[in-house]
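The structure follows.
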Amino acid sequence: MSKAPGRRPEPADGPQTRPGHVIRARRIDVRRNQGKRGLKNAPGRREIASGDYDRDWLLGPVRSMFLGRAADPVARDAAASGGVLTAALCALFAQDKVDAVLAVGFAPDDPVTPRYLVLASPQAVLAQAGSVYSFIPASELRRAVLEAAKAGYARLAVVCQPCLVPVARRWQARGEFGVRAVLSFFCGWNMSHEATHYLLRKAKVLPEDVRRLGYRRGPYPGGFGVTARDGREVCFGKESYELVNMQFVRPGCAACTFYMGEGADLVCGDAWLKGHRNLTAVLARTRKGLKLLEAARARGGVELFELEERTLLHMHLPNLRYKKYGLSPLMGAVTHFFNRRLPKPLAPFRLLSLLSRLRRSVKVGVRVGELKRVEGPLV
């Protein structure tokens, strides 16, 4: 394993997509780690602490990284973690840089099936804030961008899952659809939409009876929550996703090596810190991403704090090891069992959710000292 260089390379503006593995074969065995480097080559916490890891493979080009949160408590609470992406998108509207944003949400006529929406105002962006734990194909993104073009929106910001960043970058490189910025987020165990219906069955709410659905509802870190038309509310903690991830991970997602929005301008994900809640890990991968963060901060939209690279890697090391290097033989066998062998209704949902909650209370989160606010210029 080569020693990481002391200085992070400075990426140029524009598309920064490097080769990734998004294997689309339908019969992928999660035990074989197709397209990944092999877990025996993965860095552990000791290698992260000493800097002995392949930075380009784990992170890709990054100009700066921060901890952040939306200054507006409403935007912060509506989001999955800190609300930085929402605040950055609102800054683009405030600067008159875009006419519309393409992002995943729920249409008024279907509160169960997520889709790419054309959001033409900050208010529309705020209304769709929050994560969606369901795979959305490239064809759906293309439908939305064609809808935006038909409506006359000539300047777009695209918020998409990491594996679709190369699609948006190709449009941008070709001068198609007026893509001005590409934003993304951390994406680990993406699931088929069947997982949503499974959780609805566990909640004993029929799809046609859903008034509102969210994947990160409730106090941070939230969880799956559904409000029925008769007023009933049912919520499962975020720990319930660990079982559902294994049951419904898509074959292509299991083999994909994109995790931290490689190639986007600005990327956000949960900051798993002990003692600090509702914070976002923010990666500015290009100068444009940094300028966007600066604009959001200048209008009072976000607060930024210092973040060390090793802290980021420690927070997300289990998912980074899985996405970049693969599962251990044991976890591969367990995932294969729940995904392919055990009938979904027989899985002990509540028991495994309880065990996951106990595991997360011990294993998830990094301890840091007092947060240091970023005061100087970013660009």
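For region 47-92, which positions are of a type in the set (Val, Ile, Thr) and part of a loop (DSSP other than H, G, I, E, B)? Step through it out loud before you land on a result.
So the first thing to find is which residues in region 47-92 are of a type in the set (Val, Ile, Thr), and the list is 48, 62, 74, 84, 86.
If the condition is that a residue be of a type in the set (Val, Ile, Thr) and part of a loop (DSSP other than H, G, I, E, B), then Val62 is the only one that fits.
How many residues, within region 113-129, are over 23 Å from Asp72 (Cβ atoms) and either buried (at least 19 other Cβ atoms within 10 Å of the Cβ) or of a type in the set (Asp, Glu) (or both)? Outline the logic, then answer.
Going through region 113-129, the residues over 23 Å from Asp72 (Cβ atoms) turn out to be 113-116, 118.
When the remaining residues are screened for being either buried (at least 19 other Cβ atoms within 10 Å of the Cβ) or of a type in the set (Asp, Glu) (or both), the result is 114, 116, 118.
Number of matching residues: 3.
So, in region 132-166, exactly how many residues are farther than 20 Å from Cys253 by Cβ and outside any helix (DSSP H, G or I)? It would help to see each step written out before you state the result.
Of region 132-166, the ones farther than 20 Å from Cys253 by Cβ are 143-157.
Within this subset, residues satisfying the condition of being outside any helix (DSSP H, G or I) are 151-157.
So the count comes out to 7.
Counting just the residues of region 354-379 that are within 22 Å of Pro221 (Cβ to Cβ) and aliphatic (A, V, I, L, M), which one comes out modelled with the highest pLDDT?
For region 354-379, the residue satisfying everything is Leu371.
Report the residue count in region 348-359 for those that are without any contact (Cβ under 8 Å) to a residue 12 or more places away in the chain and touching a strand residue (DSSP E or B) at 6+ places or on another chain (Cβ under 8 Å).
So the answer is 0.
A quick yes/no check of all residues on (1) β-branched (Val, Ile, Thr); (2) touching a residue at least 40 places away in the same chain (Cβ under 8 Å); (3) over 22 Å from Glu375 (Cβ atoms):
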residue: Pro43; (1), (2), (3): no, yes, yes
residue: Asp54; (1), (2), (3): no, yes, yes
residue: Met65; (1), (2), (3): no, yes, no
residue: Asp72; (1), (2), (3): no, yes, no
residue: Asp77; (1), (2), (3): no, yes, yes
residue: Ala80; (1), (2), (3): no, yes, yes
residue: Gly83; (1), (2), (3): no, yes, no
residue: Thr86; (1), (2), (3): yes, yes, yes
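Do we have Arg169 as crowded, with 18+ Cβ neighbours inside 10 Å, in contact (Cβ under 8 Å) with a residue 24 or more places away in the chain, of a type in the set (Lys, Arg) and outside any strand (DSSP E or B) here? Before the answer, list the steps.
On the way: crowded, with 18+ Cβ neighbours inside 10 Å: yes; in contact (Cβ under 8 Å) with a residue 24 or more places away in the chain: yes; of a type in the set (Lys, Arg): yes; outside any strand (DSSP E or B): yes.
Considered against the rule, which asks whether it is crowded, with 18+ Cβ neighbours inside 10 Å, in contact (Cβ under 8 Å) with a residue 24 or more places away in the chain, of a type in the set (Lys, Arg) and outside any strand (DSSP E or B), Arg169 comes out as yes.
Still on this structure: Within region 348-373, track down each residue that is in a loop (DSSP other than H, G, I, E, B) and in contact with a Ser or Thr (Cβ under 9 Å, 6 or more places away or on another chain). Walk me through how you get there before you give the answer.
First pass over region 348-373, keeping only residues in a loop (DSSP other than H, G, I, E, B): 348, 364-365, 368-372.
Once the filter is applied, which keeps residues that are in a loop (DSSP other than H, G, I, E, B) and in contact with a Ser or Thr (Cβ under 9 Å, 6 or more places away or on another chain), region 348-373 yields only Val368.
Could you tell me whether region 274-289 includes any residue that is part of a helix (DSSP H, G or I) and buried (at least 24 other Cβ atoms within 10 Å of the Cβ)? Before the answer, list the steps.
Within region 274-289, the subset part of a helix (DSSP H, G or I) is 287-289.
Next cut, buried (at least 24 other Cβ atoms within 10 Å of the Cβ) only: 289.
Scanning region 274-289, I find at least one residue that is part of a helix (DSSP H, G or I) and buried (at least 24 other Cβ atoms within 10 Å of the Cβ), so the answer is yes.
Being in contact (Cβ under 8 Å) with a residue 24 or more places away in the chain and either part of a helix (DSSP H, G or I) or not basic (Lys, Arg) (or both) is the filter here; which residues of region 93-107 pass it?
Filtering region 93-107 for residues in contact (Cβ under 8 Å) with a residue 24 or more places away in the chain gives 93-95, 97-106.
Selection gives Phe93, Ala94, Gln95, Val98, Asp99, Ala100, Val101, Leu102, Ala103, Val104, Gly105, Phe106.
Could you please find all residues in region 145-165 being of a type outside the set (Phe, Trp, Tyr) and either surrounded by fewer than 21 Cβ atoms within 10 Å (Cβ to Cβ) or at positive phi (or both)? Step through it out loud before you land on a result.
Step one: of region 145-165, the residues of a type outside the set (Phe, Trp, Tyr) are 145-152, 154-165.
Result: Leu146, Glu147, Ala149, Lys150, Ala151, Gly152, Ala154, Arg155.
Which number in (1) outside any strand (DSSP E or B); (2) at pLDDT 95 or above marks the one condition that Ala129 misses?
Going through the list (1) outside any strand (DSSP E or B); (2) at pLDDT 95 or above, Ala129 breaks only (2).
Pick out the one residue from Cys253, Cys268 that is touching a helix residue (DSSP H, G or I) at 6+ places or on another chain (Cβ under 6 Å), buried (at least 24 other Cβ atoms within 10 Å of the Cβ) and either in contact (Cβ under 8 Å) with a residue 60 or more places away in the chain or not basic (Lys, Arg) (or both). Don't jump to the end; show me each part of the working.
Numbers: Cys253 fails: touching a helix residue (DSSP H, G or I) at 6+ places or on another chain (Cβ under 6 Å).
From the options Cys253, Cys268, the qualifying one is Cys268.
Right, something else. If you go through region 325-359, how many residues are over 27 Å from Lys40 (Cβ atoms) and of a type in the set (Val, Ile, Thr)?
Going through region 325-359 one residue at a time, the tally reaches 0.
With a cut-off of at least 3 residues that are of a type outside the set (Asp, Glu), over 28 Å from Asp56 (Cα atoms) and modelled with pLDDT of 95 or more, name the helices (runs of 4 or more DSSP H) lying wholly within region 172-266.
Answer list for region 172-266: 194-203.
Among (1) surrounded by 19 or more Cβ atoms within 10 Å (Cβ to Cβ); (2) without any contact (Cβ under 8 Å) to a residue 12 or more places away in the chain; (3) not small (Gly, Ala, Ser), which single condition is Glu233 missing?
(1)
The values are calculated or read from the model by the stated rules, or taken from the named source; none is laboratory data. In this text, all values refer to a predicted model and were calculated from it rather than measured experimentally. A quick note on method: Cβ atoms are made from the backbone with ideal geometry, for glycine too, and the neighbour counts reach across all protein chains shown.
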